[in-house]
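So the structure is just underneath, and the comments pick up after that.
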Amino acid sequence: MFNTNTISRFQQLETPFYYYDLNLLKQTLQACTSAASAYNFHVHYAMKANFNPKVLDLIQSFGIGADCVSGGEVKAAIDHGFAKDKVVFAGVGKSDKEINEALDRDIFCFNVESVQELQIINDLAKAKNKTASVAIRINPNVDAHTHHFITTGLEENKFGVNTWELPAVAEALSKCTNLQFIGIHFHIGSQITDLGVYKNLCIRVNELQQWFEDHNLPVKVLNLGGGLGVDYQNPDEKPICDFESYFKVFNDFLTVKPGQEVHFELGRALVAQSAALISRVLYVKNGIKKNFLILDAGMTELIRPMLYQAYHQIENLSQNSKFKIQNNPQLTTRDSQLHYDVVGPICESTDCFRKDVELPESFRGDLIAVRTAGAYGEVMVSGYNLRDRVGSVYSE
């Protein structure tokens, strides 16, 4: 992601900022769409992962659909050229205003998460003399084996309809004359790295879709959600997910009947590795027990480490050996390594990217890269401490 010319360019820029490698993003999209097309699978991009305008424009250019969880995301998707017949609207708490706006835009489908929501969408569609297509998001009680904050498919989670509620769903669908049932939807969590979890999901989906068929509710769309994880520890070794193996699991274990469509909603897997948060060292505080690098970026720019205890690779670009030698050809000494707690400037003790990070000896003004920040980085910024919103820089 970083060569000496890129680092030299960063030296001239005000920090912090998000750096997007659009070439890597393009390669990732090519790998995903190629692997999905081998099985005629449909891919929707999970907008919540990153809605940077240039990122959206590039993703849309690959003909991918959009998975939205708010009215604002529905609007942004269509404004950026995503086909409305490829836009799905999920979310456990859709407001009447958001539902009405989505109805006005004639989107492909609402992923519905409760019996009451079915009734609300039906009433709002009836008032507009429209028929809304709906898929039922089912909680399959499949453990994603991921962080408990980002697990979504267990009965203890707030998302989806539990299996014991399905008779009430069928009854509601029979009475909601302004709804068209088209399928079933699942999403069991995020940052899933064990593909065996998806085999378990397929087995459960096979059972559940048969329940709908037995109750005279033909399933046209099987939406398996997303959640495919990325390698935060080794971003350069595995910059692109193994989409071929991912989709093959579903091809091998999912029962797909004639005329059915299989849909996916991938977010992090498409965009995470394409960006890094670039910051500068403001101060170095060396002590007896701890050394601190205090950066000009903090939890207001990347909250994942503080919110989820998430790991991000951290690099000192200014002390990169190739960069140092290029700028000082006489330099032949090896870097001394020190351990630092890498922290931000926010007035909170939790404002820490990582503790005990081994880095070359670092100095005020050094450029620091926090890697794999393309998903849930820029979209989760805040104005806490009245900090300025930072900008973005692109590889082009």
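The values are calculated or read from the model by the stated rules, or taken from the named source; none is laboratory data. Values in this document were obtained by computation on a predicted structure and should not be read as measured data. As a convention, Cβ positions derive from the backbone with ideal geometry for all residues, glycine included, and neighbour counts pool all protein chains shown.
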Q | Residue match in the range 261-273 (condition: among the basic types (Lys, Arg) and touching a helix residue (DSSP H, G or I) at 6+ places or on another chain (Cβ under 7 Å)) | A | yes
Q. Can you pull out the residues in the range 157-206 that are in contact with a Pro (Cβ under 9 Å, 6 or more places away or on another chain) and in a helix (DSSP H, G or I)?
A. Thr163, Asn200, Leu201, Arg204, Val205
Q: Kindly check whether there is at least one residue in the range 280-287 that is in a loop (DSSP other than H, G, I, E, B), at negative phi, of a type in the set (Gly, Ala, Ser) and not assigned by TED's automatic domain parsing to the domain that holds Phe62.
A: yes
(Q) Could you check the range 270-316 and list, in sequence order, the residues that are of a type in the set (Ser, Thr, Tyr) and at pLDDT below 95? (A) Tyr308
Q | All positions within the range 176-229 that are within 19 Å of Ala90 (Cα to Cα) and of a type in the set (Ser, Thr, Tyr) | A | Ser190
Q. Hey, does the range 16-38 have a residue that's without any contact (Cβ under 8 Å) to a residue 24 or more places away in the chain, outside any helix (DSSP H, G or I) and out of contact with any His (no Cβ under 7 Å at 6 or more places or on another chain)?
A. no
Q: Would you be able to say whether some residue in the range 84-104 is out of contact with any Pro (no Cβ under 6 Å at 6 or more places or on another chain), surrounded by fewer than 16 Cβ atoms within 10 Å (Cβ to Cβ), modelled with pLDDT of 95 or more and of a type in the set (Lys, Arg)?
A: yes
Q: Only residues that are under 13 Å from Glu73 (Cα atoms), assigned to a helix (DSSP H, G or I) and not acidic (Asp, Glu): list them for the range 87-123, please.
A: Ile99, Ala102
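Every residue, every condition in (1) in contact with a helix residue (DSSP H, G or I) (Cβ under 7 Å, 6 or more places away or on another chain); (2) crowded, with 19+ Cβ neighbours inside 10 Å, yes or no:
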position	(1), (2)
Leu277	no, yes
Leu282	no, no
Lys285	no, no
Leu293	no, yes
Tyr308	yes, no
Tyr311	no, no
Glu315	no, yes
Asn320	yes, yes
Q) Restricting the search to the range 124-143, which residues are touching a helix residue (DSSP H, G or I) at 6+ places or on another chain (Cβ under 8 Å) and assigned to a strand (DSSP E or B)? A) Ala132, Val134, Ile136, Ile138, Asn139
Q: Give Phe247, Phe264 a once-over and let me know the one that is out of contact with any Leu (no Cβ under 6 Å at 6 or more places or on another chain), among the aromatic types (Phe, Trp, Tyr) and surrounded by 19 or more Cβ atoms within 10 Å (Cβ to Cβ).
A: Phe247
Q) Any idea how many residues of the range 319-356 are in contact with a Leu (Cβ under 6 Å, 6 or more places away or on another chain) and at pLDDT 95 or above? A) 3
**Q.** Residue count, the range 50-71 (criterion: within 24 Å of Val393 (Cα to Cα), under 18 Å from the mean Cα position of the chain (by Cα) and not aliphatic (A, V, I, L, M))
**A.** 8
Q: Collect the residues in the range 211-223 that are touching an Asp or Glu at 6+ places or on another chain (Cβ under 8 Å), assigned to a loop (DSSP other than H, G, I, E, B) and closer than 17 Å to Thr163 by Cα, keeping them in residue-number order.
A: Val219
Q. Quick one: is Val74 β-branched (Val, Ile, Thr), farther than 26 Å from Glu244 by Cα and buried (at least 20 other Cβ atoms within 10 Å of the Cβ)?
A. yes
Q) Just a yes or no: is a residue in the range 25-36 of a type in the set (Gly, Ala, Ser), modelled with pLDDT of 95 or more, closer than 18 Å to Val262 by Cα and buried (at least 24 other Cβ atoms within 10 Å of the Cβ)? A) no
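For every residue, the table says whether it meets (1) farther than 22 Å from His263 by Cα; (2) modelled with pLDDT of 95 or more; (3) touching a Phe, Trp or Tyr at 6+ places or on another chain (Cβ under 8 Å).
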| site | (1), (2), (3) |
| --- | --- |
| Ile107 | no, yes, yes |
| Ala127 | yes, yes, no |
| Ala144 | no, no, no |
| His148 | yes, no, no |
| Gly153 | no, no, yes |
| Phe159 | no, no, no |
| Ser174 | yes, yes, no |
